[in-house]
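Here the structure is laid out as structure tokens; the discussion comes afterwards.
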Amino acid sequence: MRTVLFAGLAALVPVQAGAAAVTAVAPGIDLIPGTFVPGRQPDGNSLVFRAADGLVVFDTGRHREHTQRILDYARDAKLPIKAVINSHWHLDHIGGNPRIRAAYPVVRVYASSAIDGAMGGFLANYRRQLVEAIAQTKEEKTAQSYRDEIAIIDAGRALYPDELIARSGTRRIAGRDFDVHLQARAVTAGDVWVYDPATRTLAAGDLVTLPVPLFDTACPARWKSALADLGRVPFKTLVPGHGAPLQRAQFEVYRRGYGNLLDCAASGRDRNACIDGWLADAKPLLTDADPGFVRTLAGYYVDNALRAPKAKIDALCGADARPSH
Ligand SMILES: [Zn+2]
């Protein structure tokens, strides 16, 4: 099972992704966009909040270049990075933690405890797959990309939180108040999202991802409930884990498409009908996406996540999983 290799896409020749420019999301909040292109593991979006005591970085990316952009941002702003908040433990969101710690040794990292379970399970399994894949590839560039993945996992404790997010509530971080929310067993066992009431900005992490929802470690039904929770927040702008910021109407397009995708996968309909459905529903949000890439990803997740054996889904959803309706 090659779940984390993203539909086997890593077997393609790695390409150099062009990085989009830093953009202002709201006063005092800037987006350092991640990249997600065929043939290369993604970087999640990073958000930088200006707080009273310095900068708070929401997600740190995976590749060196992405994290370097965060460090360059801090250098240009002449402000220290005081805190990191990780939305979840996927490597495209925590991979930059060790580099940020190296540059700012007193930084405090905030996250849920879910990385603990992942290190002994999903990431240990992924590491074994990477070792095998290195032995089999003849492409040096590909082998190096796998070694880079292993290096992130082997950073171990440098990836972990210093401050656990164990419940939802207001949290003062670097002198700024954040509405911090913990969602259990949606994208991962513990997902964190943050709402900034002052600017009505919602940092959703991978609860919202484009060009498709990334189901590798997800409980699809609980994720759907989480989207309903996000829908009740009076946000103006929602920043997804991957993709451009969304306004409320666009989020509702995403949410509807998500629900339809789950319904289609649960029905007896052909996988291509489900893929076509997602492409049609999410069309207004996919203007920059390569349709072939979207089809490949959506098809992979229909087959390997949404239509996975019940035991696999139950394990991701936990014993007390709520029904999907
Ligand atoms: Zn991600």
For segment 130-223, alpha-carbon Rg and Dmax in angstrom: 17.6, 52
Per principal axis, descending, Cα span of segment 66-155 in whole Å: 45, 30, 18
Percent breakdown of C-alpha pair distances by 5 Å bin, ordered from the shortest bin, for segment 26-92: 4, 18, 28, 26, 13, 7, 2, 1, 0
Max mean-square fluctuation residue, GNM over the chain, Cα-Cα springs under 10 Å, options 166, 315, 244: 315
Cα centroid of segment 263-312 to Cα centroid of segment 202-233, whole Å: 15
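Lys and Arg at +1, Asp and Glu at -1: add these up for the other residues within a Cβ distance under 10 Å of residue 110 and post the number.
Numbers: positive: 108, 171; negative: 162, 163.
Residues close to residue 110 contribute a combined charge of 0.
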Span-rule helices in the chain, defined as complete DSSP H runs reaching 18 Å or more along the axis (Cα) with Kyte mean at least -1.0: 122-136, 140-154, 248-266
Cα gyration tensor shape of segment 89-137, rounded if a/c is under 1.5, else prolate or oblate by comparing a/b with b/c: oblate
Residues with amide H under 5 Å from that of residue 215, placed H, sequence gap 5 or more: none
Amide hydrogen neighbours beyond the local backbone of residue 173, cut-off 5 Å, H modeled: 178
Overall Cα dimensions of the chain, principal axis frame, Å, largest first: 55, 49, 39
Inter-label distance for residue 276 and residue 166, nm, one decimal - labels placed 7 Å from Cα along Cα-to-Cβ: 5.1
Size of segment 225-325 as Cα extents on the principal axes (Å, biggest first): 38, 34, 20
Gaussian network model of the chain, Cα within-10 Å springs - most flexible of 169, 268, 121: 268
Where Cα atoms sit under 25 Å apart: lysine pairs in the chain separated by 8 or more or lying on different chains: 5
Centroid-to-centroid separation of segment 38-53 and segment 59-102 [C-alpha atoms, Å]: 7
For the chain, built as a Gaussian network whose Cα springs stay under 10 Å, the top-fluctuating residue of 68, 250, 136: 136
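Bear in mind these aren't lab numbers, they're just calculated from the coordinates by the rules spelled out. Bear in mind the structure is a predicted one, so any value in this text is a computation, not a measurement. Positions of Cβ are generated from backbone atoms using ideal geometry, with glycine treated the same way; all protein chains shown enter the neighbour counts.
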